[in-house]
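What follows is calculated from the coordinates using simple rules that are stated; it is not laboratory data. Small disclaimer: the values here were computed from a predicted structure and weren't measured. Don't worry about glycine lacking a Cβ; one is built from the backbone with ideal geometry, like all the others, and counts go over all protein chains shown.
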Amino acid sequence: MKRQFDRKLDFLTFRYTFLCETFMNTISQQTRNLVDRSVLCWLATVDHVNHPNVSPKEIFCLGPKDRLLIADIASPGSVTNITSNAHVCVSIVDVFEQRGVKLIGEAKIISDEQSEFAEIVQPLADLAGPHFPISNVIIVDVQRIKPIIAPSYVFRPEERASEKRRSAYKTYGVRPRSEAVAGAGCPTLPNQQAQATTVLEKRNIETMFSAFTDTWAPKICGKVNGTHIKLAKFEGEFVWHSHANEDEMFFVIKGRLRMELKEQPDVIINPGEFLIVPKGVQHRPVAEVPCEVILVEPMQTINTGEVDSDRTRISLEMI
């Protein structure tokens, strides 16, 4: 009987905490701990005609006056949307406990050209390290807080959060770091006693290419040290463009790609071959037959560079 009471108390305490946050407009220690240990949040914005966009963010923290600070490293879509419509919602979820929060409020952009940027960006820069330059800081003035709770809390109220966590570890094939490296001389990360060690998983290029059919719409299939690995299908002609700050690698898997260059002869790229186009070089990919291509480029790269086209893709799908 006591165990059942403790489980219900755990759930009711969680709900009560967020009711207090909602009505008192304060951020509880429980939410602070969630923000500290989370490695990803989801920023939802809308543009001037109310089209939604959801973008994952890896660098974020709570700042002065309980404002949420988010680093803009490669998010031109989010910044553009906030500039025209300040209303945002940030979701942070502990996937192992299957619960989290929605932080709802208004956002503003502080660019690296503004005088207060240097002071505001510091805690984010400490998290990002030297390899991820921060262009803007997104400051969210949190006005409402709502809980995110999995249905299991309703349909299986007898199951405690700690039990859900152990079940989730098994489902996702991970273990707490403290268990995974016990005795191996690798300490548990601060504020992340339940930090999970992800099981490495290989992926198949052919299978991923078969998952989509649209052309000139790159899909993100991986990240390596600030670089995106993308898959794309090409057919026909693209637009002339260049990238002011980014080199691009085109690795042809299937088909035949002709890279047109403004100041050099065209380059033919056959399967198994790749071409690196340096930053600043005007180029246009042309696929006279359907082509499957792996792109390797910095995370902030936009497919049409500085050219605004109906083929411009800012928010890319992950596969």
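Worth a mention:
- Order of H241, H283, H48 - criterion: other Cβ atoms within 10 Å of each residue's Cβ, fewest first: H48, H241, H283
- Between the stretch 118-175 and the stretch 198-238, the Cα center-to-center distance that results, in Å: 26
- Cross-link table K202/K230; K57/K108; K146/K219; K223/K279; K223/K262; K202/K233, entries beyond 27 Å C-alpha to C-alpha: K146/K219; K223/K262
- Fewest neighbouring Cβ atoms within 10 Å first, the residues S242, S78, S115 line up as S115, S242, S78.
- Estimated dipole of the stretch 205-318 in Debye, rounded to 20 [Cβ of Lys and Arg +1, of Asp and Glu -1, Cα centre]: 220
- Under 5 Å, built H, 5+ apart or other chain: amide partners of E246: G280
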